[in-house]
Structures are given as structure tokens and as C-alpha cells.
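The values are calculated or read from the model by the stated rules, or taken from the named source; none is laboratory data. Keep in mind that what you see is a predicted model, and the values were worked out from it rather than measured. Here Cβ is always computed from backbone atoms with ideal geometry, including for glycine, and neighbour counts include all displayed protein chains. These area figures cover heavy atoms from the full protein model, side chains too; ligands, DNA and RNA do not enter into them. Shrake-Rupley method; radii C 1.70, N 1.55, O 1.52, S 1.80 Å.
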Amino acid sequence: MNRLCIAALGGVLFACGACADKNSTGIEIINESALDRTGEMVGIDARTLPGEAWIVRDAQGRETASQLTADSMLIFRADVPAGASVTYTVEASDTAAVYPDIVTGRVYPERADDLAWENELQGFRAYGPATQRKGERAFGYDIFFKHRSERPVLENLYGPETDPATWRKADSLRAIDPALAEKFIESISYHIDHGLGMDCYAVGPTLGAGVAAPLANDTLNFPWCYENVEIIDRGPLRFTARLDFAPRAIGTDSAVTEHRIISLDAGSRLNRCMVWYDGLTAPQTVIATGFPRRDDFPAITATDYIAYSDPTQGPDNGRALLGAVRPEGFDGNTETAGHILATSTISPADTLDYYWGFAWNREEINTPEEWASYLQNFAETRRNPLKIKIQN
């Protein structure tokens, strides 16, 4: 199974089959774990379904949003109590259903080639080639705090900041009254929460909110900004993008090329990230993921996750609860190079598969302990994926 297919599945164990009814297929979703699974993404190979477009209905017959991914998976969200099963129905349809975007993203060439994406809980971005050409040292992932909303907000946050008319007005006001100009800039800045959310997390020359990087002799080999990007899925329930980076020297290897596939689902606070490298020759390479330490707040570490509460920028913007998860377990964790890190060891042919993301302590998850519990449960659900049985 190729990397794109693995990324799209999001940890769901799926089955293929056909239903006796040529127009509909019963989908039994089985939860063998001790955790309630609420709004969890499941997927079916659409190539096994009758028809070319579909409507998904829950156990009560209500239509639920779905998405056909680039690798032909029909995905939708399911609610399955612990130790129970529910049955959804997939009906063949003459036309493809259209649902509002809960998850979406795009490249913003008007803002230095940012790749930015979001779901109803939060937003993220990775810096692009225009940022690198400026020489700006911004290596890691950035995050956008967001007040829970199924309406995307990044276009609204970026819009005034990237509109040339905004800065012409600011220049005009500055000529009259610098204080008035500053007040106007603050009124449109996405670094200030005007009710939608904001960017108050600093990245700079760090791993930011969870980039992975080779680690050798307590030195992180930071990636630069991505060189090329391909958006694979754009919503309404999943965003997936592939990022490719320019070759760089790592250890004794003179041209190592990094690749990533990042995928975010509706309802999840964590992105799935698959990282692999062309050009590594050492039998084993240690890859670290984590976050820069900004204060003395204690990190929370476990075999399969790390968590840290970042103070953010600004006088009173709350804290970013950062996390990284590897369900099969990290090799270890450490603090070095100014970072809180979890480490994994890969061979040249391996792909590192992990999850990264955050919560804002002004929303549903308020404490590091609540965040650690979320990460622990997330890891458990990935180790015990929902099972799907096609009802014939």
C-alpha cells in the first residue's frame, strides 16, 4: 500500500465488499475498545461500492457528510459507543453530494507562499519558498488559535493582512498620526484575537509545533521551508498535502531530500504526518520531533506521546498545549538543543509516521493533564482502530 493510501486511512481498519442490494450497502462499524468513539473518521474503498456517487446515512437514517478522497476512499464520521457496533448505510446516488467545508486549506502566494489549513478546532501553516528566499529562519509548523467553528476562518484572518489596500491606508494614516496608524493595524492583525482566532505562537529557527528533524550529537538538522507542495485532498472532511524539500547535507550525506504527507481530519486536534528521506546512507538515523522550550513549565512525557504547555506571545493570550503522538511508541525522549523532544530511529527505507497538533487552553481542553489524557486516548484509538464489516 502506498504512502498516500496509508495517510488517507487515518488509522481506520477498513474492509471491502458488496451488498446484495445494488443501490445500497450496509456498513457495520465495530468498536472493540473501552473508549467511546465519537465523530471518528472511517473509510471504505469506494471502488467496491455500487455507483459513482454516494450518500451516507447513520443508524437513524440521517444523512451525514462524506468525502471521496484522492485515493478512492469514501470517508465519513461515525459515533460508536465502547464495546458496541452501529450500522451506517451507503446509498448510490445520481449526483455527488456537496457539503460545507469543515476542513480546508490552500497555498497563500500573497503571504510568502504559506501553506495553511484548518478544521473546526484550529489552524496550521508551513512556510514556503518565498519565506526562504527572504532568508527568514522559520523552520517549524505554525499554529492558529481558533474559536470552535465549522466555518473556515483562515481566509478572514489572512484577508486584511494580505490586501495591499490595507497597507496603503496604514501608510496614509502613519503620515498623519503614527498612533492612529498603529491602532488601525492592530484592528486587522491576525496576531490579535478579534473574535475568530489568532496567531500568537512564535516559530523562528525551531521545530515549532512539531516538525521532525534528524538529531545527531545533540544537534538538530532543521529543515528549511518547503520547496514544492501538492494539495491532495481539500475537504470537506479531510485535508491532505505533500511537501517536498530541497536537498541538504545531513551528516556525511551531501544531498538528503525530505518528503512529508500531512493529513488533518474534521474533529481531530492532531495532524497525521508521514516523513521519509531520499539520500540517507547511514544504517540508522535518529529523528526527533517536539517543541522549543519557552519557560520552566514541566513537559509531560510517556512512551507514546509528549506534551508541553507553551506560554505564547502577548500579554494574555492563554497557552498552547502542544503534543506529538506515535501510537507504536517513541524510542525515547530528551531535552536538548533548546527543545523538548521524542526520538525515533529509522533506516534509509523507513517512513516515520506520527501525529502532531495542539489545543488552546481557552477552549474545551484547559489543563496539561486534560491534554495528556486526550493524547493518551488518541494513541489508544489508533492502536485499536474501528473495524468495518460490509453487510452482504
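Want the number for residue 62 to residue 28: 0.36 nm per residue separation, take away the alpha-carbon distance, what's left?
Difference between extended and current length: 10.7 nm.
Among 308, 334, 276, whose Cα sits farthest toward the positive end of the charge dipole of the stretch 233-392 (+1 at Cβ of Lys/Arg, -1 at Cβ of Asp/Glu, about the Cα centre)?
Ranked along the dipole, the leading option is 276.
Mind checking the full-extension length gain between residue 334 and residue 380? Use 0.36 nm per residue of separation minus the Cα-Cα distance, one decimal, nm.
Separation in residues times 0.36 nm, less the Cα-Cα distance, equals 14.3 nm.
Can you tell me the dipole magnitude for the chain around its Cα centre, using point charges on the Cβ only (Lys, Arg +1; Asp, Glu -1), in Debye to the nearest 20?
300
Using modelled backbone amide H atoms (1.01 Å from N, in-plane), which distant-in-sequence or interchain residues come within less than 5 Å of residue 202's amide H?
Here 313 satisfy the definition.
Can you give me the accessible area per residue for the chain, using a 1.4 Å probe, in Å²?
42
For the Cα atoms of the chain, what angle does the longest principal axis make with the long axis of helix 178-188, in degrees from 0 to 90, nearest 10?
Its long axis makes an angle of about 10 degrees.
If contacts are Cα pairs under 8 angstrom and at least 6 residues apart, what is the relative contact order of the chain in percent?
That works out to 18 percent.
Taking 7 Å along the Cα-to-C-beta vector as the label spot, tell me the residue 177-residue 362 distance in nanometres, rounded to one decimal.
2.7
Return, for the Cα atoms of the stretch 27-97, the radius of gyration and Dmax in Å, separated by a comma.
When restricted to Cα atoms, the stretch 27-97 yields Rg and Dmax of 12.3, 39 Å.
Take the stretch 280-361, compute every pairwise Cα distance, and split them into 5 Å bins from 0; I just need the percent in each bin.
Calculated over all Cα pairs of the stretch 280-361, the distribution is 3, 15, 24, 22, 16, 10, 6, 3, 1, 0 percent.
Can you give the net charge of the other residues whose Cβ lies under 10 Å from the Cβ of residue 114, counting K and R as +1 and D and E as -1?
0
Quick check on packing: order 357-369, 164-176 by the mean number of other C-beta atoms within 10 Å, highest mean leading.
Averaged packing, sorted descending, gives the order 357-369, 164-176.
For a protection proxy built on the mean count of beta-carbon atoms within 10 angstrom, sort 108-114, 285-291, 66-72, 183-189 highest first, please.
By packing density, highest mean first, the sequence is 285-291, 66-72, 108-114, 183-189.
Using the Kirkwood radius over C-alpha pairs as Rh, can you work out the diffusion coefficient of the stretch 193-248 via Stokes-Einstein at 4 °C, viscosity 1.567 mPa s, in µm² per second?
So the translational diffusion coefficient is about 91 µm²/s.
Which values of log₁₀ I(q)/I(0), to two decimal places, follow from the Debye formula for the stretch 249-309 at q = 0.19 Å⁻¹ with a uniform point scatterer at every Cα?
Cα-only, vacuum Debye calculation for the stretch 249-309: -0.97.
Percent relative contact order of the stretch 182-301, based on C-alpha pairs within less than 8 angstrom and at least six residues apart?
Relative contact order of the stretch 182-301: 22 percent.
Helix 368-383 versus the longest principal axis of the chain: what angle, 0 to 90°, nearest 10, using Cα atoms?
40
What's the extension gain from residue 130 to residue 255 if we count 0.36 nm per residue and subtract their Cα-Cα distance?
Taking 0.36 nm per residue and subtracting the Cα distance, the gain is 42.8 nm.
Can you pull the one-decimal nm distance between simple spin-label points at residue 297 and residue 281, each 7 Å off the Cα toward Cβ?
In this crude spin-label approximation the distance works out to 4.4 nm.
Once the principal axes of the Cα atoms of the stretch 151-233 are found, what is the range along each, listed largest first in whole angstroms?
54, 33, 25
Hey, if you drop one equal point scatterer on each alpha-carbon of the chain and run the Debye formula without solvent, what base-10 log of I(q)/I(0) do you get at q = 0.10 Å⁻¹?
Debye curve over Cα of the chain, log10 I(q)/I(0) at q = 0.10 Å⁻¹: -0.69.
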